[in-house]
Amino acid sequence: GIICEYDALPEIGHACGHNLIAESGVAAAMGLKAVLLANPSVSGTITVLGTPAEEGGGGKIKLIDAGVFADIDICMMVHPASTNMMRPVYLAFNAAEVVFTGHAAHASAAPWDGVNALDAAVSAYNGLSMLRQQMRPDCRLHAVISEGGTKPNIIPERTVVAFNIRAVSDVELASLRKKVTNIMESAAAATGCSVSLNYTAENRAAFYSNVVHNTKLVELYRKYWLSHEPINPLTSDDVSFGSTDMGNVSYVVPSIHPTFSIGTEANIHTREFTAGAMEPEAHAATRCCSKAMASVGWEVLTNKELLQHVKEAFKGQMASYSK
């Protein structure tokens, strides 16, 4: 299986380089197909999957639930970036929203009649800030008060805090989520508000797992990628790089998700990266990755023992992430 993402971002276009992800996947599949046709004694199926809504909506998760990956042995995709990494850290991710409900009153004439939902939201936000000191360095919390009241002379009766939780694994994410829940419930209790906490974990399409890079596939990809003379050297792999629904795929199928430098120092999700993703150097770097993925695919197709090793590595890695 070869993944082709193709989301663009509102107003700034392909600032995440999904145009190059689609290009790399199609090119790898075309190359691998040509070799298969030239070697009719080798059997196998190449599946190219267009996967929309990675930037929001969990398109791959919906494909998983629909059984699309049931007959796929391995999955590969690459992601453009400012650096080359074989095993970048993609964190498990959960978006959430909490609604605090109080009671409106005139803020000057009778504030004692009110129950201030904004106080609850501020308390919750401060609680999240204090929690960061006690978090593991590979966890992340970010939040905004998306609704904070209407007018200053009205005690706010409704506020909303939207926040994201990220952790190095699904298990760590669940642990952090419990602490966040305690903060939200405590803020409500302290201010006399009621609270409604909506974790979109109930909506699987909004819950991204961490990416588990298959050790055997990564070794193969590294070998072939280096043989095609990439434009920049490798950098450290232990770098956090956001979150992706490719993590959910990596929990059901042996997968890899390396990044590749397109020759720009700009970070993704910027206009500068959009411009860089259209440069000839970016397409040359993409072609190198396509050749590497095609080579990995060919070796897996022609070496059943290797495929077995890949699957054994997958089982071992999954066992460690379930603890």
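Antiparallel versus total DSSP beta bridges in the chain: what percent is that, nearest 5?
Values: 29 of 41 bridges.
DSSP beta bridges in the chain are roughly 70 percent antiparallel.
Straight-line cross-link partners of LYS223 among the lysines, defined as a Cα under 24 Å from its Cα and at least 8 positions apart when in the same chain: LYS33, LYS291, LYS304, LYS311, LYS315. Relative contact order of region 106-160, taken over Cα pairs closer than 8 Å and 6 or more residues apart, is 50 percent.
On the accessible surface of the chain, probed at 1.4 Å, how many percent belong to carbon and sulfur atoms?
Values: 8050 of 14920 Å².
Ligands and nucleic acids excluded, carbon and sulfur give 54 percent.
Look at the dipole of region 88-195 built from charges on Cβ: of TYR125, CYS193, VAL160, the Cα furthest out on the positive end belongs to TYR125.
Note that region 1-125 presents 41 Å² accessible area per residue, ligands and nucleic acids not counted, probe 1.4 Å. Note on SER82: accessible area approximately 40 square angstrom, rounded to 10, probe 1.4 Å, nucleic acids and ligands left out. For region 174-323, the alpha carbon positions stretch 64, 42, 25 Å along the principal axes, listed from largest to smallest.
By the gyration tensor of its Cα atoms, with a ≥ b ≥ c the square roots of the eigenvalues, what is the shape of region 1-152: rounded for a/c under 1.5, prolate for a/b over b/c, or oblate?
Details: a/c = 3.26, a/b = 2.98, b/c = 1.09.
In terms of gyration-tensor shape, prolate.
Please give the net charge around GLU5, taking every other residue with its beta carbon less than 15 angstrom from that of GLU5, where Lys and Arg add +1 and Asp and Glu add -1. After counting each charged neighbour, the total is -3.
Once you have a ≥ b ≥ c as the square roots of the Cα gyration tensor eigenvalues for region 280-323, tell me rounded if a/c is under 1.5, and otherwise prolate or oblate according to whether a/b is larger than b/c. It would help to have the intermediate numbers written out before the result.
Details: a/c = 7.53, a/b = 1.71, b/c = 4.39.
Oblate is the answer for region 280-323, as a/c is 1.5 or above yet b/c matches or exceeds a/b.
The slack between VAL239 and VAL252, meaning 0.36 nm per residue of separation minus the straight C-alpha distance, is 2.3 nm.
Seen through its C-alpha gyration tensor, with square-root eigenvalues sorted a ≥ b ≥ c, region 2-63 comes out oblate because a/c lies at 1.5 or above while a/b is not bigger than b/c. Counting only aspartates and glutamates at least 8 places from LYS216 when in the same chain, those with an alpha carbon closer than 15 Å to its own are ASP73, GLU299, GLU305, GLU312. Straight Cα distances below 20 angstrom link LYS178 to the lysines LYS323, with same-chain residues fewer than 8 positions distant left out.
What figure in square angstrom, to the nearest 10, would you give for the accessible area of ASP113 with a 1.4 Å probe? Solvent-accessible area, nearest 10 Å²: 90 Å².
Take each complete run of DSSP H in the chain, measure how far its Cα atoms stretch along the helix's own axis, and keep only those covering 20 Å or more with mean Kyte-Doolittle hydropathy at least -1.0; list them.
Details: long enough: 18-38 (30 Å, 1.20); 117-132 (23 Å, 0.62); 170-191 (32 Å, 0.10); 280-302 (33 Å, 0.16); 304-321 (26 Å, -0.63).
Membrane-span-like by this rule: 18-38, 117-132, 170-191, 280-302, 304-321.
In the assembled protein chains, GLU299 presents an accessible area of approximately 40 Å² (probe radius 1.4 Å).
Around the Cα centre of region 1-157, unit charges on the Cβ atoms of Lys, Arg, Asp and Glu (plus for the first two, minus for the last two) sum to a dipole of about 420 debye. About the centre of its Cα atoms, the chain shows a dipole size close to 600 debye [charges on the beta carbon of Lys, Arg (+1) and Asp, Glu (-1) only; nearest 20 debye].
The values are calculated or read from the model by the stated rules, or taken from the named source; none is laboratory data. Being a predicted model, the structure only gives us computed values, none of them experimental. No Cβ is skipped: glycine too gets one built from the backbone with ideal geometry, and neighbour counts run over all protein chains shown. Accessible surface areas use protein heavy atoms only, side chains included; no ligands, DNA or RNA. Shrake-Rupley method; radii C 1.70, N 1.55, O 1.52, S 1.80 Å.
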